[in-house]
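The values are calculated or read from the model by the stated rules, or taken from the named source; none is laboratory data. For clarity, every value in this text was computed on a predicted model and none was experimentally measured. Positions of Cβ are generated from backbone atoms using ideal geometry, with glycine treated the same way; all protein chains shown enter the neighbour counts.
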Amino acid sequence: MFLQMHSLTSFHASLLNRDDAGLAKRIPFGDAQRLRVSSQCLKRHWTECLRKEISLPAGTRTRHFFSRAISERLIDEKNIEREVADEATKILAALIFMKLKDLKKLHKEKDQEKLLEKIRKTDSYKKFDTDLQMDQPALLGKPEADFLIKLISKELSEPTSDLSCLAAHLLEGLIGQNEKNIDAMLRQAGHGNLYAGFEGALFGRFVTSDILARSDAAVHVAHAFTVHPVATEVDYFTVVDDLNREEETGAAHAGEMELGGGLFYEYIAVDIPLLVSNFTACKPEAWREQDASDIKNTLRALLEAIATVSPGAKLGATAPYARADFALFESGPQQPRSLANAYLQALQFRSGDDPMQQAVDALGKHLQAVDGMYGATAEQRVAATTKQGAALGDIPLRPLDSAIDETLNAIFRG
């Protein structure tokens, strides 16, 4: 079962997503260059919105997880001395980023002092020797932080405990006799399968650690692109020095930035069985048997965010706030397919044309052509639009919230 959403949103003069040179991102598609907004940029803005809308455990993408989410909390919440907290966290970080085969070798060492010595000689420990920062940001969830804090503080609270005892305790807690030990403990602690937060359940998490669980993305997000050729201009701007107007009669500073307006096509596809599995830890084929209330609420918030949340650099200078004028929702077991090829030939707008209506019509005609070739490519469809839907055939038109509810009810059967 899949859910697909196609949307069309028009932005006025703005700089939605910049490349490394500070210019608007582009992509060649069909017969023309287009403006582009990366999927990473889109997901970041949607996630920030979702964190305000839903109360499920969240994740944090950071290099400072061990220093700020573990060590600082051990100091502030558990009253552990900084030196001990930092060293305990360093041992923990080293174990987490070791290969499972190396952890199993360490697990055979029954002498706790020798075990701690062996850990401190590993490359994984040395990587955190000068500070507790990871080489690159990783997505780690609050449930994982809570679990690891509990794992450390439980041992350090014992009067006879020392770092060698802690090392053995952490190793046992992380793998024991079962390489999935941490997953089981997280679920027993009441965190379900949202170890990396709802972000990990939606958009996935790739980690190189054998201990931390990888999460496959259930929500697949395409880069947004304009349905017409790229159109930008360089905005030249100046700044006046308010305290030096007598000597400085011109500008105290001059700069430039690239601005572009555009009508963007956005597309996402959601693997529903995988999403339910990410939320509940069930097998994907058992997704219909699960309580889907949290999942429906999260999807509803996500679909609303896609239609209403604007990505954008230069917020103060361009106010790039826009809402979709068109959204098509599809659901069914059929293999997802983008409708981007509706714009393989870039739309050309003439004076008097309604660009948004032209874009809606092009998408509707392409959808009819695809269905004409393959048969129905979705079981259920509903659209929300500010435009006429003649080219959409018999697809029902609803207000956005009704269209979302109708789609989710069709998937989850009420």
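Going by the conditions given, is residue 50 among the aliphatic types (A, V, I, L, M), under 29 Å from residue 306 (Cα atoms) and in a helix (DSSP H, G or I)? Don't jump to the end; show me each part of the working.
On the way: among the aliphatic types (A, V, I, L, M): yes; under 29 Å from residue 306 (Cα atoms): yes; in a helix (DSSP H, G or I): yes.
When the stated conditions are applied, residue 50 passes them.
You will find that of 104, 90, 118, the residue that is touching a Phe, Trp or Tyr at 6+ places or on another chain (Cβ under 7 Å) and assigned to a helix (DSSP H, G or I) is 90 and no other. Do we have any residue at all in the stretch 46-53 that's in the same structural domain as residue 270 (by TED's automatic domain parsing), closer than 30 Å to residue 354 by Cβ and not small (Gly, Ala, Ser)? Scanning the stretch 46-53 turns up at least one residue that is in the same structural domain as residue 270 (by TED's automatic domain parsing), closer than 30 Å to residue 354 by Cβ and not small (Gly, Ala, Ser).
Within the stretch 12-40, being buried (at least 23 other Cβ atoms within 10 Å of the Cβ) and either hydrophobic (A, V, I, L, M, F, W, C) or not assigned by TED's automatic domain parsing to the domain that holds residue 343 (or both) holds for 15, 16, 35, 37.
Identify, from the list 15, 56, the residue that is modelled with pLDDT under 95, more than 20 Å from the chain's Cα centre (by Cα) and not hydroxyl-bearing (Ser, Thr, Tyr). Even if it seems obvious, please write down each step before you answer.
Values: 56 fails: more than 20 Å from the chain's Cα centre (by Cα).
Just one listed residue meets the conditions, 15.
Do the conditions hold for residue 313, that is, is it modelled with pLDDT under 95, under 29 Å from residue 14 (Cα atoms), assigned by TED's automatic domain parsing to the domain that holds residue 222 and under 23 Å from the mean Cα position of the chain (by Cα)?
Numbers: modelled with pLDDT under 95: yes; under 29 Å from residue 14 (Cα atoms): yes; assigned by TED's automatic domain parsing to the domain that holds residue 222: yes; under 23 Å from the mean Cα position of the chain (by Cα): yes.
Yes; evaluated as a whole, the condition is true for this residue.
Residue selection: residue 110 satisfies the criterion of being at pLDDT below 90, more than 27 Å from the chain's Cα centre (by Cα), assigned by TED's automatic domain parsing to the domain that holds residue 165 and farther than 22 Å from residue 61 by Cβ.
Please tell me if residue 329 is at pLDDT below 95, among the aromatic types (Phe, Trp, Tyr) and either more than 23 Å from the chain's Cα centre (by Cα) or crowded, with 19+ Cβ neighbours inside 10 Å (or both).
Criteria not met by residue 329.
Residues that are without any contact (Cβ under 8 Å) to a residue 40 or more places away in the chain and within 18 Å of residue 9 (Cα to Cα) within the stretch 19-39 comprise just one, 25. Could you list, in sequence order, the residues of the stretch 194-218 that are over 24 Å from residue 173 (Cα atoms) and either in the same structural domain as residue 92 (by TED's automatic domain parsing) or assigned to a loop (DSSP other than H, G, I, E, B) (or both)? Matches in the stretch 194-218: 204, 216, 217, 218.
Against the definition (among the charged types (D, E, K, R) and buried (at least 19 other Cβ atoms within 10 Å of the Cβ)), how does residue 90 come out, yes or no? Outline the logic, then answer.
Numbers: among the charged types (D, E, K, R): yes; buried (at least 19 other Cβ atoms within 10 Å of the Cβ): yes.
For residue 90, the condition - among the charged types (D, E, K, R) and buried (at least 19 other Cβ atoms within 10 Å of the Cβ) - is met.
Within the stretch 364-393, which residues are part of a loop (DSSP other than H, G, I, E, B) and within 18 Å of residue 334 (Cβ to Cβ)? Of everything in the stretch 364-393, those that are part of a loop (DSSP other than H, G, I, E, B) and within 18 Å of residue 334 (Cβ to Cβ) turn out to be 375, 376, 377, 378, 379, 393.
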